[in-house]
Amino acid sequence: MKTHRFAVRTAKEILRDPLTLGFGIGFPTVLLLLLSAIQANIPGKVELFEIAHLTPGVACFGLSFLTLFSALLISKDRTGAFLQRLYATPMPAHSFILGYTLPMIPIALAQTVVCYLLALILRLPFSANILLVLLAVLPNAWLYVSLGLLFGSILTDKQVGGICGALLTNLSAWLSGTWFDLNLVGSVFGAIANALPFVHAVELARALQNADFGTALPHFLWVMGYNVVITFAAVFLFLRQMKKN
Amino acid sequence: MNAIQCEHLTKQYPKVLAVNDLNLEVKEGELFALLGVNGAGKTTTVKMLSTLSAPTSGDAILLGKSILHDREEVKRLIAVSPQETAVAPNLTVFENLQLIAAAYGLAKKEALEKSEQILRRFGLDTVRTRRAGKLSGGWQRRLSLAMALIGDPKILFLDEPTLGLDVLARADLWEMIRALKGTVTTILTTHYMEEAEALCDRVGIMKEGRLLAVGTVEELKQQTGCEKLEDAFVQMIRKGAAQ
């Protein structure tokens, strides 16, 4: 009951914030429309902005805003004394952690569904494999949600705006291989991108969209490796700030 | 019976001794004010008593439960209304109450009944569907107090409950706080002397982590020979500084 009520609260706080619709749904939608329009006007065959190639990347990019939403809510709760009030109640630590993270999963699913519905309108060929992409949402959303818990536990809301709103979204965009082929930029850039989880999140979604499970597996494992490490760090930092409060 | 008994309660931060060997008794149902200038240790004391911060040494017993050894039991007995208006801004007034009711483990039906009672008691019925973040400062404080009381606490900590409110909103809140006397033991920290004078059974004056004096407003005035609590307070603080 405690966890459920707190999770409902998290969902309501996020969904009732215009920032969520603007960035979580609006921004990826605009990108998909814009890049599809560019693609339609490029002479010859350029694969990069083709809707089948672009959609998994844009869907993953949209998930990066989950970190911003989640971290912003947690840091505001921390700095605004709302958590202080709740820490003095008998609500256990796991209710806070699950309450902050679990509601982000259906939000991530909804973001991806909206993104793919738009892609279908923009003539993405329909395939049952699209449903598989929804599976890819889970590890990818987990990545961004655990980052949200981590940053929300250590940053102020102003810092969250800079680090999660600007830095992380840019990093996850530029290093994801969504907008350009990473190998074109150079080997160092490619190596950095491949060491981070963002490109693997996109490649996982692309592989599942093609039902290519053999290709999907190493990307899945890469993302999950990050997920485990970041989740442990996030839970540790959240509990530490809880104790400090 | 004492609701709160502080025994050599001390909080040492790396560079500051925030609370220094605090010994204090507060009776059940009493409304007790902690007065002091900024940095006196009032908020740190409230944080320790409400289990939000562990003491460096000493202990406090709240209705027979130790803040060191019975933290979870203590949490079931208390509620905190922090200095800042700690409400969930995008939730409605009703939803805020439901959230805190759930945090205290109230079942769904009980939480609904309690929320309705509290809405009526605090005159929040008219704004029950308004988002808390859109309410005026006075209404937010009223909601904050209502949220603190929905779990039926035996001990309530109010940290600067009327800070920044206008005269009317303050008078409204005073009336609500006064109504708690005798039923809920309340520790109130404030900068406003008139607030302590109007509401509290007894007052404790703190400076630099030490409790300089404890007594009723009249006793403190008599001790210092002052006619006003404010003058008594200033005199005690200056005397404390001189020592």
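Structure data summary
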read-out: Residues satisfying the stated conditions in the range B:49-94, i.e. hydroxyl-bearing (Ser, Thr, Tyr), out of contact with any Ser or Thr (no Cβ under 8 Å at 6 or more places or on another chain) and either more than 8 Å from chain A (Cβ to nearest Cβ) or under 23 Å from residue B:112 (Cβ atoms) (or both); value: B:66
read-out: Residue check, residue B:37 crowded, with 19+ Cβ neighbours inside 10 Å and either touching a residue at least 24 places away in the same chain (Cβ under 8 Å) or under 15 Å from the mean Cα position of the chain (by Cα) (or both); value: no
read-out: Tally, over the range A:136-178, of residues that are assigned to a loop (DSSP other than H, G, I, E, B), in contact with a Leu (Cβ under 8 Å, 6 or more places away or on another chain) and among the β-branched types (Val, Ile, Thr); value: 1
read-out: Total residues in the range B:103-119, condition at the interface with chain A (Cβ under 8 Å from one of its Cβ atoms), in a helix (DSSP H, G or I) and over 20 Å from residue A:78 (Cβ atoms); value: 1
read-out: The listed residue being within 12 Å of chain A (Cβ to nearest Cβ), open to solvent by less than 40 Å² (accessible area, probe 1.4 Å) and not polar (S, T, N, Q), out of B:177, B:150; value: B:150
read-out: The range A:152-177 residues that are within 25 Å of residue A:239 (Cβ to Cβ), paired with ones that are outside any helix (DSSP H, G or I) (beta carbon under 7 Å, 6 or more apart); value: A:163/A:155
read-out: Among residues of the range A:1-34, those that are assigned to a helix (DSSP H, G or I) and either modelled with pLDDT under 90 or more than 14 Å from chain B (Cβ to nearest Cβ) (or both), counted; value: 18
read-out: Members of the range A:39-80 that are out of contact with any Phe, Trp or Tyr (no Cβ under 6 Å at 6 or more places or on another chain), of a type in the set (A, V, I, L, M, F, W, C) and either at pLDDT below 85 or closer than 15 Å to residue A:178 by Cα (or both); value: A:40, A:42, A:46, A:48, A:49, A:51, A:52, A:54, A:58, A:59, A:60, A:61
read-out: Identity of the residue in the range A:8-24, in contact with a Phe, Trp or Tyr (Cβ under 8 Å, 6 or more places away or on another chain) and more than 14 Å from residue B:90 (Cα to Cα), that ends up least open to solvent (accessible area, probe 1.4 Å); value: A:24
read-out: Close pairs from the range A:89-103: first touching a residue at least 24 places away in the same chain (Cβ under 8 Å) and under 8 Å from residue A:3 (Cα atoms), partner crowded, with 18+ Cβ neighbours inside 10 Å and of a type in the set (A, V, I, L, M), Cβ under 7 Å, at least 6 apart; value: A:98/A:7; A:99/A:7
read-out: Residue in the range A:65-83 that is under 26 Å from residue B:159 (Cα atoms), within 14 Å of chain B (Cβ to nearest Cβ) and of a type in the set (Val, Ile, Thr) present; value: yes
read-out: Leading residue by the ranking (nearest to residue A:53 (Cα to Cα)) among those in the range A:88-130 that are part of a helix (DSSP H, G or I), within 14 Å of chain B (Cβ to nearest Cβ) and open to solvent by 10 Å² or more (accessible area, probe 1.4 Å); value: A:98
read-out: Among (1) out of contact with any Ser or Thr (no Cβ under 7 Å at 6 or more places or on another chain); (2) open to solvent by less than 10 Å² (accessible area, probe 1.4 Å); (3) within 14 Å of chain B (Cβ to nearest Cβ) - the single one residue A:140 does not satisfy; value: (3)
read-out: Single residue of the range A:179-237 satisfying the filter (of a type in the set (S, T, N, Q) and assigned to a helix (DSSP H, G or I)) that is most open to solvent (accessible area, probe 1.4 Å); value: A:183
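The values are calculated or read from the model by the stated rules, or taken from the named source; none is laboratory data. The model shown is predicted, which means the values in this text are computed figures rather than measured ones. Please note: Cβ atoms are built from the backbone with ideal geometry, for glycine as well, and neighbour counts cover all protein chains shown. The protein model used for the area step is the full one, side chains on, heavy atoms only, and it has no ligands, DNA or RNA in it. Shrake-Rupley method; radii C 1.70, N 1.55, O 1.52, S 1.80 Å.
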